[in-house]
Amino acid sequence: MKKMMIMAMMMVMTIAANAMSYTKVRNEALFLSDKMAYELNLTDAQYDAVYEINLDYLMSINGRNDVYGTWWDRRNTDLQYVLTAWQYNKYVAQSYFYRPLSWETGTRTLHIYKHYTNHTHFYKAHPTVYVTYKGGNNRKTARYYADRKVAKPAPHHNVSKPAPAPKHHASKPAPAPTPKSSTPAKAKTNSKTHANKHIAQNMGKSSNGMMRR
């Protein structure tokens, strides 16, 4: 009888420990997913899926080798189906999203808590699956989220770079037009007048010579 009571107490303690563990993991998944929804501008459908994926990953970690092993690869694969290209690139660029855990002194540390120090602040309401989803999608077919076709935001168009301004090549300024001098024209006029006078004088001399004869 005493042995049965001890076993019953151990079962109760195990259930309580598992319940506390699940509660902690669920809170971690919620906090991480909320910040991803905020920074990546997730739709409500994406937010639900991201929460499921994060919960599955965090529930699957039982030791150091799990942190960046098979379950981490599966998380990234699932997120590629759920996120748009620009969302996924931004996710990868943020280490507290892409590599959310580290294993230190026999326990894991969630890095998002170091980046967002107010652990009671949330940007969004809880995902609709927060109460009902208990995990397990990462043990289904690898194309589970691809086939689910989660609603995504409109494609993010990168702003194209403006066309470069035309290059202005340095060139020598055109030479200033040489002003027309009035002096040559005047000289030309004087020469013409002098020639006319010379002709007139010669004609006058010829006439006088004829008259003398």
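The values are calculated or read from the model by the stated rules, or taken from the named source; none is laboratory data. For clarity, every value in this text was computed on a predicted model and none was experimentally measured. No Cβ is skipped: glycine too gets one built from the backbone with ideal geometry, and neighbour counts run over all protein chains shown. Just so you know, the surface numbers come from the protein's heavy atoms only, side chains and all, with ligands and any DNA or RNA stripped out. Shrake-Rupley method; radii C 1.70, N 1.55, O 1.52, S 1.80 Å.
Structure notes:
- Residues in the stretch 82-129 that are assigned to a helix (DSSP H, G or I), open to solvent by 70 Å² or more (accessible area, probe 1.4 Å) and hydroxyl-bearing (Ser, Thr, Tyr): Ser95 only.
- Test: Gly63 is without any contact (Cβ under 8 Å) to a residue 24 or more places away in the chain, small (Gly, Ala, Ser) and more than 26 Å from Lys124 (Cα to Cα): no
- Residues (free of Cβ contacts under 8 Å to residues at least 60 places away in the same chain and hydroxyl-bearing (Ser, Thr, Tyr)) located in the stretch 122-153: Thr132, Thr141
- Counting only helices (runs of 4 or more DSSP H) wholly contained in the stretch 1-79, the ones carrying 3 or more residues that are open to solvent by less than 50 Å² (accessible area, probe 1.4 Å), modelled with pLDDT of 95 or more and not acidic (Asp, Glu) occupy 2-40, 44-59.
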